[in-house]
Each structure stands twice: as C-alpha cells, then as structure tokens.
Amino acid sequence: MVVLGWTVWLAASGKGWAFEILGLRISSRDPFRSLLTGAFLTGVGLSRIRIPWEEHRKDRWTSTSAAALAVMTFLLGVVYGSFVAGASDAYGYVSQASLWANGSVIVPAPLAADTTWPDGASAFTPVGYRPARQPGWMVPVYPPGLPLTMAAMKLLFGERGVYFVVPLLGGLAVWLTYWLGRDIYDCAAGLFAAGALVASPVFLLQLMAPMTDVPVTAWWLMSIVMALKRRTGWLVASGFMTAVAVITRPNLLFLGLPLFALVLHQTGNVSSRMRRALMWGLPASTGPIAVAIINWRLYGSPLASGYGSLSSLYSLDYTWRNTTQYIDWIVTTHTPFMLLGIFAMPWLVRGAAPGTRWLIGWSFVFAACVFVSYLWYQPFDNWSYLRFLLPAYPMLLAASAAAVLMLARRYHWSEGFVLALASLLVCAGLWNGRLAFQMAEGEARYVKAAEAARSLPSNAVVISNLHSGSVRYYADRVTLRYESLGADEYGTALQYLRDRGRPVYAMLDETEVGTFRQRYRDVGDVSWLDKPPLVSPANRVYLYLVAEGR
C-alpha cells in the first residue's frame, strides 16, 4: 500500500528521487513502473489470505471501510481539486452561484446593447452565458441546480465554500454506492463497487472540477437509496432529491420514470401504491416545475434551455457514433470490468433471492436509461465525456463487483485474491485517471492570466475565448468572445471599440493563437500577433496589445 501511495504522489506531483550506490543508479520517477510494482506486491501479499469472519463482523467492517473511502474521496477533491472559476463550465457554475447569492441571474452585458453588427451581443457575453431577451443584458446557459447549492455554501462559508460542494458530494456518492450495492447484492459487492467508483478515471477527473457530473450522480443515488426504504419520511426525501437532480441536469428528467417504478414496487397494495406515488411524486414534481419557470423567465419558454433548441442538440444520426465511442472509451479507460455485470446479468438474476431479482433488473434498466439519454446527443471527441454516463456507474460497478464475487464463491478464491484483483483495478484506474491530480496546476493559469488583466486600464476590452469568463470574474474587465465574432465582423468590432475610446487587448492560450490567426488574417490586421506579447502571465498564456484607446 505504501508503494501504491507513492504512485499517487508521483502521478500528482511529477517528482521523484534518484541516487547512486557503488556506481549503480537507483531512481523512482516513473509512476507507471511504481504502479506495476505496487500491484505485483499487493497481489503476492494478498492472494493467499483468507478471512474467516462472521457475517455481522463482515457487515461492520465493510461499512466502516466504505465510510473511510468516502472521507478519502472528499479529501482527494479538496487537496487536488481545482478551486478556480476557469474555462466555460467552472466559470459558468461558480459565477452563476455568485449571482444567485446576490439575488438575480439577469445581469448587464456592457457594450452589448448597441453593437453595429448582427448578433454582436453574443460576442460581448462570456463563456457560460448568452444574451438575455432584453438588449444589453445576459443570462446563464447552465442549469441552476449546482449553482444554487454553491450559493448556499458561499453564504455559509464564503468564497471558497463553493468549491467544497463537489468533493462533499463525491464522498457522498461513494458512500451511497456502497449502500446501493449492499441493498441489491451484499455488503462485499457494495464495498467493491464503492472502491471501483473512487478509482474510475472519469469520476476522479470530475471530482476535481466544479461541475455537475459528480453532484447529479450523488443526487440520483440519494434518491434511489431513500426510495428503497419503506418509511414515509424517506420516501418524501427521495422525491425532493429527485427534484434536486432534475434541477441540476434537466435532460435526465426521464430517469424519474424508472425511479417512480421503484417507488411503486416497494408495496403490493393498491392503496399503498397510490399513497406512495403521491408522497414521492409531489416533491419530485417541484424539480421540473422549477426548471420550467426558470426557463420561461430566462429564455422565454418553459421548454427552452440555455444550450439551444433540441434539434440542435439531438439527432438520430449520432446513434452509431455515440454507441461505439462510449463502449470503446469505457473499455480502454475502465477495463472490461465495467461491462462484466452486463454479461453476467442472467447468472446474477438466477442466483439472487426472489425478492432482489426485480431490483437487479431494475438497476440495469436505470443504467440503460442514462445511456439512452445521451445516445442521440451531439458527439464529442474525448473520453472525458464519459462523465455524462456517471449516474449509471454505481449500478454497473455494483453488478460487476457481484459477478466477481459470484465467481470467487464458485471457484473458491480466497478473500485475499479478490482484494488483490480489486487492487489491480484500482491501479489501472489511478493510472488512466492520473491527469486528475494535475488539474489544479493547469487551471491555475486562469487566475494568473486574470491578475495580469487586472493591471490593464479599467475601460479595456480583452479579446479572448477560454479566458472570457475568468477575466471578467477575477479582473472585472469586459471581454469580447471571438468564437462568437465572425471573420467578416472582426474589423467592424475593432472600429466599434475604437469609436468608444476603448483600448483593446487579447488574452490567448498557445493553442488559440494559431486558430485566431487563421480565422482573421484574411479579413483584418492581426500583425500584433507577430510582436512579442506584453506579458506571459502563465505557462503558454499570452497577453497582447491589439489597439490603443483614445
């Protein structure tokens, strides 16, 4: 375990050690070699261990271990997480939280009211926002669930409180994954699934970012685990958690259908089912109602969203690409273990007690509903978008864990061998998710860039894209988002700013410089890109002077 801990440190810090003994150089700098060493030693050390415990001791040990995993998850998110409102998602959620805390999410968009080119207002709204229906104002793009939670934490604990939301809910998701696996299969499967979730590369990646993927997973899990209880109080709480999940990610609204089926299945009496349906359905309905009201207020229709029309987001043409990509990404980043439970489903159902067979089938239906929710969604080109499927992970991991334990019982594998296998899976997950431990370092460039922008004149306008939100948030400078500025509008926009005496600068990442040059070189003067930048506030981030003000 010491070696595995050292692996995490190497992956996160990139540091190591080296020395020579009698001319022989000994070093430990490569986390992958350390990972293999740790996995091998763990396997050798555990493979022959047998644990002859009684059932009640096993239950207590697994629940204690799951709690420890939950606490560790929270600490990972706090220590390695990004506490920065950078790029589009993080800035969008964190800045919206501040707006909710201040009482209104409809805010002024300086210079956007009287632009002289079509849709110029969009260029003067940062990432994560869009022009409001009223000229000269802007509204958030993202759903309000996470920002409202962050706003509550900000009011309680100050600015840094918003960044504790995801680590807290990440720890809760791990704890609830244990209880889900325990309720459907057994406590060992629950613990195995909880550990696998912690080591999931995409879960680790999203644990470090102030985004909705981990929170919405926790809310749905909480709703499910509460719905499995028979007492009325738990049922009402499950309904409210469903509402929170819907407000957090409205496109998963239809996950409420399998959850409603779970609520009704918990009793066979017709009158009891009616009562349970009302006790759960009334609080659950507040979620879609709240979303409809907010959408109507911000975008003009209950069925509208900040992301655009349904036709621009969904298409049957995306089916095959999404299906092949998601399966390929799951297998390559999470190993085939993630899909083992799907193939083992007939054996899991056959070997389960009569009372739990329906629950096993239900868990696969819920996971399938998550997958279908994104089957026709616009495709992306990076495995990190497996984050969309995170609400299905606890069900799939619990089933896969139960399948491994079923094989262990059938072929008389020792408990130590199962622990060794789990350790290997954890090692693979940590290696594939190692970039998560470097996220904070990479995201810090947004704060450094904004600090440089803060030294600019107060009436300056900063052309940017990735930094268009963080420059506003940390430096309070107006930004011009170039992805919303057509090639033929570049010269018009610069003249518009010159006429108003605004000095113009550009804050670009290294990857954006070439894109910007290619976009505008044939229609405007981009010679300022050939000059040395005024400053490079962070690694591969450059601040240029575009035009001086009057």
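The values are calculated or read from the model by the stated rules, or taken from the named source; none is laboratory data. All figures in this text were calculated on a predicted structure; none of them were measured in a lab. Heads up, the Cβs are rebuilt from the backbone with ideal geometry, glycines too, and the neighbour counts pull from every protein chain shown.
Key figures for this structure:
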| read-out | value |
| --- | --- |
| Residue within the range 140-154 that is out of contact with any Pro (no Cβ under 8 Å at 6 or more places or on another chain) and either over 30 Å from Leu197 (Cα atoms) or loosely packed, with under 14 Cβ neighbours inside 10 Å (or both) present | no |
| Any hit, the range 515-524, residues being surrounded by 18 or more Cβ atoms within 10 Å (Cβ to Cβ) and in a strand (DSSP E or B) | no |
| Candidates Ala450, Ala398, filtered to the one that is aliphatic (A, V, I, L, M) and within 30 Å of Leu99 (Cα to Cα) | Ala450 |
| Counted residues, the range 288-312 - those being touching a helix residue (DSSP H, G or I) at 6+ places or on another chain (Cβ under 8 Å) and assigned to a loop (DSSP other than H, G, I, E, B) | 7 |
| Hits in the range 477-527 (condition: over 36 Å from the mean Cα position of the chain (by Cα), farther than 25 Å from Asp114 by Cα and among the polar types (S, T, N, Q)) | Ser527 |
| Matching residues, the range 439-464, being of a type in the set (A, V, I, L, M) and out of contact with any Gly (no Cβ under 8 Å at 6 or more places or on another chain) | Ala444, Ala449, Ala450, Ala452, Ala453, Leu456, Val461, Val462, Ile463 |
| Residues located in the range 479-488, provided they are in contact with an Asp or Glu (Cβ under 9 Å, 6 or more places away or on another chain) and assigned to a helix (DSSP H, G or I) | Tyr482, Ser484, Ala487 |
| Lone qualifier among Val372, Val365, Val331, Val349 - being assigned by TED's automatic domain parsing to the domain that holds Leu255, surrounded by fewer than 16 Cβ atoms within 10 Å (Cβ to Cβ) and under 19 Å from the mean Cα position of the chain (by Cα) | Val372 |
| Number of positions in the range 291-328 that are buried (at least 17 other Cβ atoms within 10 Å of the Cβ), closer than 20 Å to Asp381 by Cβ and without any contact (Cβ under 8 Å) to a residue 60 or more places away in the chain | 2 |
| Whichever residue in the range 96-107 is surrounded by fewer than 24 Cβ atoms within 10 Å (Cβ to Cβ) and in contact with a helix residue (DSSP H, G or I) (Cβ under 6 Å, 6 or more places away or on another chain) and, among such residues, is nearest to Leu497 (Cα to Cα) | Val105 |
| Filtered residues of the range 424-464 (kept if of a type in the set (A, V, I, L, M, F, W, C) and closer than 30 Å to Tyr496 by Cβ) | Val447, Ala449, Ala450, Ala452, Ala453, Leu456, Ala460, Val461, Val462, Ile463 |
| Answer residue from the range 257-278, given it is among the aliphatic types (A, V, I, L, M) and either closer than 24 Å to Leu375 by Cα or modelled with pLDDT of 95 or more (or both) and is surrounded by the fewest Cβ atoms within 10 Å (Cβ to Cβ) among those | Leu257 |
| Residue tally, condition surrounded by 18 or more Cβ atoms within 10 Å (Cβ to Cβ) and either of a type in the set (Val, Ile, Thr) or assigned to a loop (DSSP other than H, G, I, E, B) (or both), over the range 108-129 | 9 |
| Given (1) within 21 Å of Val127 (Cβ to Cβ); (2) surrounded by 20 or more Cβ atoms within 10 Å (Cβ to Cβ), index of the condition Phe437 fails | (1) |
| Only listed residue being outside the structural domain of Ser65 (by TED's automatic domain parsing), under 29 Å from Gly429 (Cα atoms) and among the aliphatic types (A, V, I, L, M), chosen from Leu146, Leu204, Leu180 | Leu146 |
| Unmet requirement for Pro537, which otherwise passes all of (1) touching a residue at least 24 places away in the same chain (Cβ under 8 Å); (2) out of contact with any Pro (no Cβ under 6 Å at 6 or more places or on another chain); (3) part of a helix (DSSP H, G or I) | (3) |
| Verdict on Arg502 being among the charged types (D, E, K, R), assigned to a helix (DSSP H, G or I) and in contact with a strand residue (DSSP E or B) (Cβ under 6 Å, 6 or more places away or on another chain) | no |
| In the range 368-421, the residues that are of a type in the set (Asp, Glu) and farther than 17 Å from Thr332 by Cα | Glu415 |
| Conditions (1) under 19 Å from Ile463 (Cα atoms); (2) part of a helix (DSSP H, G or I); number of the one not met by Ala90 | (1) |
| Conditions (1) touching a Ser or Thr at 6+ places or on another chain (Cβ under 9 Å); (2) assigned to a helix (DSSP H, G or I); (3) at pLDDT 95 or above; number of the one not met by Ala188 | (3) |
| All positions within the range 267-287 that are among the hydroxyl-bearing types (Ser, Thr, Tyr) and either in contact with a His (Cβ under 6 Å, 6 or more places away or on another chain) or not in a helix (DSSP H, G or I) (or both) | Thr267 |
| Unmet requirement for Cys187, which otherwise passes all of (1) within 17 Å of the chain's Cα centre (by Cα); (2) surrounded by fewer than 24 Cβ atoms within 10 Å (Cβ to Cβ) | (1) |
| Test: Leu421 is assigned to a helix (DSSP H, G or I) and more than 20 Å from the chain's Cα centre (by Cα) | yes |
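For every residue, the table says whether it meets (1) charged (D, E, K, R); (2) in contact with a Gly (Cβ under 8 Å, 6 or more places away or on another chain); (3) free of Cβ contacts under 8 Å to residues at least 12 places away in the same chain; (4) surrounded by fewer than 24 Cβ atoms within 10 Å (Cβ to Cβ).
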| position | (1), (2), (3), (4) |
| --- | --- |
| Pro131 | no, no, no, yes |
| Phe157 | no, no, yes, yes |
| Arg160 | yes, no, no, yes |
| Val166 | no, yes, no, no |
| Ala173 | no, no, no, no |
| Leu176 | no, no, no, no |
